[in-house]
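**Student:** Sending over a structure as structure tokens; questions will come in a sec.
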Amino acid sequence: MAIYSLFLISGQTVALLLGRLYYDKGGKSKWLGTLVQLVAFPLLLPYYIIIIMSSAPKNPINGVHSKQPSTLILSSVYVSLGLLVAGDCFLFSIGLMYLPVSTYSLICSSQLAFNAFFSFFLNGQKFTPFIVNSLVLLTISSILLVVQTEHSVFAVSKGKYVIGFTCTIAASAGYGLVHSLTQLAFRRVLKRETFTVVMDMIVYQSLVATSATVVGLFASGEWRGLSTEMEEFELGKVSYLMTLIWTAIMWQVFAIGCVGLIFEASSLFSNAISVLGLPVIPVLAVIIFHDKLGAIKVISMVLAIWGFLSYLYQQYLDDFMKPKAEDRNCNEDSNASPPAPP
């Protein structure tokens, strides 16, 4: 669990910083910024094979061995989620292009609130006082960033800042929706959550998302400017290629940590760890990109961490109370059983 968490947090942190570096040093393509988030998914295949050979599959959800859904249903699930992921990554790219990475990462912490909101309607998530507290804190944390007046040292107009903020909020909402829909698909369609099924979901979903992004890259005409973009990149051609390659690799390191935590714990826990790592980025952005970490950002960071801890504590209570409830039900069943004959 610790290794998977380290992979998730380090992969996410480095990938976001490299993504900001790409735009900061002359990168202009939103579709290329989207593609590097997805295109390296084949790197997961050796990991997939190794884990399948070295570990037994996880028990099906609710212990029920269900009939495998048809190819048409599976294809519909993978295609619909893949297209949502592609659109979501595109919105994230726009946000990263127009916002300081410190502001961007703090806004992204709202994905946990969106995940809880959509889970309420799709997965039967209960709104306890701790969950409500978390939603309020994460919402206020994002709202504070709307009224801030301190920007990064790179030039950005107010209009572009608003576009970046809106796209990042929309992307965070989409990320929460994708998590909730994925959980719904596991329980209602696939009806099991073995490692194989989880990896199938990640690989096929990424394949669809990558294909859609490639179509967008060529349809938009941005591909024509990539050679010029590489020539004009401030750090040189080699650094341009290395930035894109390592961004793609680190997103897959993030994906390995994400999949591992889904397999070992749950998709909800994986998302929570992802949000936990986001406040690390503003601190590094101050050192690397000289972003201004003013009072509003500090307050926003504190509120985001507080909201995360409130959310995590509720998950701890749920996991702590569940075994007690199961033991209570077992005792009630045994007390209700008729006595054995002498």
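**Student:** Give me the extension gain from LEU235 to PHE120: residue separation times 0.36 nm, minus the current Cα-Cα distance, reported in nm with one decimal. Walk me through the intermediate numbers first.
**Tutor:** Working: separation 115, 0.36 × 115 = 41.40 nm, distance 4.68 nm.
Taking 0.36 nm per residue and subtracting the Cα distance, the gain is 36.7 nm.
**Student:** Could you state the principal axis extents of the C-alpha atoms in segment 114-253, from the largest down, to the nearest angstrom?
**Tutor:** The Cα atoms of segment 114-253 stretch 53, 44, 27 Å along their principal axes.
**Student:** Quick one: of LYS237/LYS292; LYS158/LYS297; LYS67/LYS126; LYS160/LYS237; LYS28/LYS237, which pairs are farther than 26 Å apart, Cα to Cα?
**Tutor:** Values: LYS237/LYS292 29 Å; LYS158/LYS297 18 Å; LYS67/LYS126 30 Å; LYS160/LYS237 28 Å; LYS28/LYS237 15 Å.
As for pairs spanning more than 26 Å Cα to Cα, those are LYS237/LYS292; LYS67/LYS126; LYS160/LYS237.
**Student:** Hey, another quick one. Quick check on packing: order 126-135, 75-84 by the mean number of other C-beta atoms within 10 Å, highest mean leading. Numbers along the way, then the final one.
**Tutor:** Numbers: 126-135: 16.1, 75-84: 17.7.
Going by the mean number of other Cβ atoms within 10 Å, highest first, we get 75-84, 126-135.
**Student:** As a test question: what accessible area, to the nearest 10 Å², does HIS290 have when a 1.4 Å probe is rolled over all protein chains in place?
**Tutor:** Near enough 120 Å² of accessible area.
**Student:** Put a dot 7 Å past each Cα toward the Cβ at VAL215 and MET1; how far apart are the dots in nm?
**Tutor:** 4.1 nm
**Student:** Ranked from highest to lowest mean number of other Cβ atoms within 10 Å per residue, what is the order of the peptides 110-121, 228-239? Numbers along the way, then the final one.
**Tutor:** Details: 110-121: 22.2, 228-239: 13.4.
Most protected by this proxy first, the peptides run 110-121, 228-239.
The values are calculated or read from the model by the stated rules, or taken from the named source; none is laboratory data. Values in this document were obtained by computation on a predicted structure and should not be read as measured data. Methodologically, a virtual Cβ is constructed for each residue, glycine included, from the backbone with ideal geometry; neighbour enumeration extends over all protein chains shown. The area values use the complete protein model at the heavy-atom level, side chains included, leaving out ligands, DNA and RNA. Shrake-Rupley method; radii C 1.70, N 1.55, O 1.52, S 1.80 Å.
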